[in-house]
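Working notes for the structure below.
The values are calculated or read from the model by the stated rules, or taken from the named source; none is laboratory data. Since this is a predicted model, take the numbers as computed values, not measurements. Every residue, glycine as well, gets a Cβ built from its backbone with ideal geometry; the counts of neighbours run over all protein chains shown. Keep in mind that these areas ignore ligands, DNA and RNA; they rest on the heavy atoms of the full protein, side chains included. Shrake-Rupley method; radii C 1.70, N 1.55, O 1.52, S 1.80 Å.
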Amino acid sequence: MTQQIYSRRPVNNTGIPTAVFALLVANGLVFALQQFSPRFMFINFALWPATVPQSPFEVWQLLTYAFMHGDLTHIAFNMFGLWMFGQDLERLWGTQRFLTYFIVCAVGAGIIQLLVAAWQGGLYPTVGASGGLFGILLAYGLTFPNRTVMLMFPPIPMKAKTFVVVFGVFELFMGLSGAAPGVANFAHLGGMLFGFLMLQYWGRRRR
């Protein structure tokens, strides 16, 4: 994942903001429930294709899938990214706006994933907060473009705006090439797309 370097100002040590903390706790609790009843949780709350007759798709899955994860590594990386990039955005925007933004990105990523699943065919579930996280990455890069972040693997420092572009191009390449089967690359891009649209909408309202 990434490690953040604050080159302009120190880390704010006032504690984790409300929405970020609530999302961390909610994802942890849902992951714990998955360990006790994985079949029930995946059938009812993962995101299933909407166009396959045998699919257990329900509309609420467009949100609930974003609180589920495939394994410990999956949730660890997503929550690490949420903690790292979400805190400053929530402090800047406020709790309500940040939470609204995250939900819009997650649901938007789910909508894109449904379109991709309808095109690909097949019956498989999608889980993970990555769509919301990629929306947060986009907002972070646009809001703090010149802050320096550093990839952990490999340890390459770069500006936040460059980091977002690199991740976006990488996800597009992986999605088009099919080099990462089982990874919802277009859902990640969908989170970025809906995040961008939300930021544009807020910008027009301010004007």
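A few notes on this one:
- Only a single item in (1) in a helix (DSSP H, G or I); (2) out of contact with any Pro (no Cβ under 9 Å at 6 or more places or on another chain); (3) open to solvent by 70 Å² or more (accessible area, probe 1.4 Å) is not met by residue 161, and it is number (2).
- Only residues that are crowded, with 18+ Cβ neighbours inside 10 Å and part of a helix (DSSP H, G or I) were counted across region 117-126, and they come to 1.
- Condition check for residue 138: closer than 26 Å to residue 97 by Cα, open to solvent by 40 Å² or more (accessible area, probe 1.4 Å) and not in a loop (DSSP other than H, G, I, E, B): no
- Unique residue being of a type outside the set (S, T, N, Q) and either exposed (fewer than 13 other Cβ atoms within 10 Å of the Cβ) or modelled with pLDDT under 85 (or both) when the list is 155, 145: 155
- Set side by side, the residues 39, 97 differ, and just one is basic (Lys, Arg), under 28 Å from residue 142 (Cβ atoms) and open to solvent by 40 Å² or more (accessible area, probe 1.4 Å), which is 97.
This table checks each residue for (1) at pLDDT below 95; (2) more than 22 Å from residue 104 (Cβ to Cβ); (3) aromatic (Phe, Trp, Tyr).
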| residue | (1), (2), (3) |
| --- | --- |
| 48 | no, no, yes |
| 52 | yes, yes, no |
| 63 | no, no, no |
| 69 | no, no, no |
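- Here 12, 44 are screened, and the one residue that is polar (S, T, N, Q), at pLDDT below 95 and more than 16 Å from residue 137 (Cα to Cα) is 12.
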